[in-house]
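*Asks:* Just passing along the structure, written as structure tokens.
The values are calculated or read from the model by the stated rules, or taken from the named source; none is laboratory data. Being a predicted model, the structure only gives us computed values, none of them experimental. No Cβ is skipped: glycine too gets one built from the backbone with ideal geometry, and neighbour counts run over all protein chains shown. Accessible surface areas use protein heavy atoms only, side chains included; no ligands, DNA or RNA. Shrake-Rupley method; radii C 1.70, N 1.55, O 1.52, S 1.80 Å.
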Amino acid sequence: MSGSVLSLLQSAKIAPRLLQVAEKVVSNERISASDGNALYTEGSLPFLAMLAETVSRRAGNNHVFFNRNFHIEPTNICVNHCAFCSYRRRKGEEGCWEFSIEDILAKVKSYKDSGATEVHIVGGVHPDRDLYYYIELIKAVKAATPAIHIKAFTAVEIDSMCSQAGINIENGLQLLKEAGLGSMPGGGAEIFDEQIRKKICPDKTGSAEWLRIHRIAHELSIPTNATMLYGLLENFGHRIDHLERLRNLQDETNGFNAFIPLKFRHYNNSFSYIKETTTIEDLRNYAVSRIFLDNIPHLKAYWPMIGKQVAQLSIAFGVDDLDGTIDDSTKIYSMAGSAEQNPSASTDELIEMIKGAGKIPAERDTIYNIIKIY
Ligand code: V47
Ligand code: SF4
């Protein structure tokens, strides 16, 4: 680090341990788990912002991305019992839904001429919809709107639909790809630590299996995202462990496009007694993620979960992607108490948010090809 920057940090009374981490970041050296822990426990907000901005500037052209997308949630009927979930219902319970392929096609067709480039399809783990059902669904969506990229199914859904059909993950993913699946979202990762996972989502696909499914997807050239649900029972060590497992897999496969931290929202679920994280904690978490994950190209602030104002602020903490227009098509976060009860953003609004944060808005497709710079 140059002497003048170092003396600036010293005069800001940055602790020597953090100066060591800053030296590594500035010289583009990978930080260790212990460095990551030091950032989480001791890094001040402006210090973390500065380091995260250094990493972002190095990685990109000062662009912040967004896309035009909508979600389809085929069902909220789910066999699992994640304690943080406000969304799942039992079959027949009030508030449950299960759309038919025809219902879904009607929705998808309504977006045909809307300019949307992506449909994001995720839902509950339905007890009797197997791989072959979902292959039919993907084929039908592809036939109706061939130009729209299909990003669909968490590793948890893939795990269940393949085992219901008695087919292994490799063959199942290959068939989905042939049907038109373009990429996979990052949900279901939650927190990889096995002890915490047992408490928050006891019957969900385990961490090793989640990672194995993403590895197989990458080997089949299906790009994926990764998430981390934070603000529940985990400590900073658990978060770093989560990030490190992702960083290790990415070293091997290079198949993750984006990392998306998901702030726990506590309305109407079994963990309602847990206070939600503060905005400061959310911003610190974005910055540490950006600094630690030196090999995952993009860091996404999913605004329907975090809110538009914090999403804009997060751009100063390493975020380079705001996800999309959404068009009020997802219920996962509104049912968990997000401030965005009917999430929808116009492209003008997203562009204004990005420009207001001093960055260049770049409209992208799902796999981060630039469609237009604004
Ligand atoms: O896996 C559920 C989370 C995820 C709550 O890949 C909750 O582009 C907070 O993964 N509080 C599904 N989080 C959503 C998801 C996602 C979202 C946006 C973009 C992408 C992408 C992926 O939602 C679940 C779970 O971790 N979740 N309930 C809750 N109460
Ligand atoms: Fe089911 Fe997903 Fe909710 Fe867990 S988070 S209960 S897998 S819908």
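*Asks:* Somewhere in region 277-291, is a residue in a loop (DSSP other than H, G, I, E, B) and either among the acidic types (Asp, Glu) or under 15 Å from the mean Cα position of the chain (by Cα) (or both)?
*Replies:* Of the residues in region 277-291, the ones in a loop (DSSP other than H, G, I, E, B) are 277-278.
Now restrict to residues that are either among the acidic types (Asp, Glu) or under 15 Å from the mean Cα position of the chain (by Cα) (or both): none.
No, that holds for no residue.
*Asks:* Within region 50-61, does at least one residue satisfy the condition of being within 26 Å of residue 181 (Cα to Cα), part of a loop (DSSP other than H, G, I, E, B) and not aromatic (Phe, Trp, Tyr)?
*Replies:* Kept after step one, since they are within 26 Å of residue 181 (Cα to Cα), are these residues of region 50-61: none.
No, region 50-61 contains no residue that is within 26 Å of residue 181 (Cα to Cα), part of a loop (DSSP other than H, G, I, E, B) and not aromatic (Phe, Trp, Tyr).
*Asks:* Just name the residue that is nearest to the chain's Cα centre (by Cα) out of those in region 156-214 that are within 18 Å of residue 81 (Cα to Cα) and among the β-branched types (Val, Ile, Thr).
*Replies:* 191
*Asks:* What is the one condition in (1) surrounded by 17 or more Cβ atoms within 10 Å (Cβ to Cβ); (2) aliphatic (A, V, I, L, M); (3) not assigned by TED's automatic domain parsing to the domain that holds residue 330 that residue 116 does not satisfy?
*Replies:* Here residue 116 meets the rest and fails (3).
*Asks:* Among the residues of region 72-104, write down those that are within 16 Å of ligand 1 (Cβ to nearest atom) and exposed (fewer than 13 other Cβ atoms within 10 Å of the Cβ).
*Replies:* Within region 72-104, 95 is the sole residue that qualifies.
*Asks:* While we're here: How many of the residues in region 130-146 are of a type outside the set (A, V, I, L, M) and either open to solvent by less than 20 Å² (accessible area, probe 1.4 Å) or in contact with an Asp or Glu (Cβ under 8 Å, 6 or more places away or on another chain) (or both)?
*Replies:* Going through region 130-146, the residues of a type outside the set (A, V, I, L, M) turn out to be 130, 132-134, 136, 139, 142, 145-146.
Then keep just the ones that are either open to solvent by less than 20 Å² (accessible area, probe 1.4 Å) or in contact with an Asp or Glu (Cβ under 8 Å, 6 or more places away or on another chain) (or both); that gives 134, 145.
Counting residues in region 130-146 that are of a type outside the set (A, V, I, L, M) and either open to solvent by less than 20 Å² (accessible area, probe 1.4 Å) or in contact with an Asp or Glu (Cβ under 8 Å, 6 or more places away or on another chain) (or both) gives 2.
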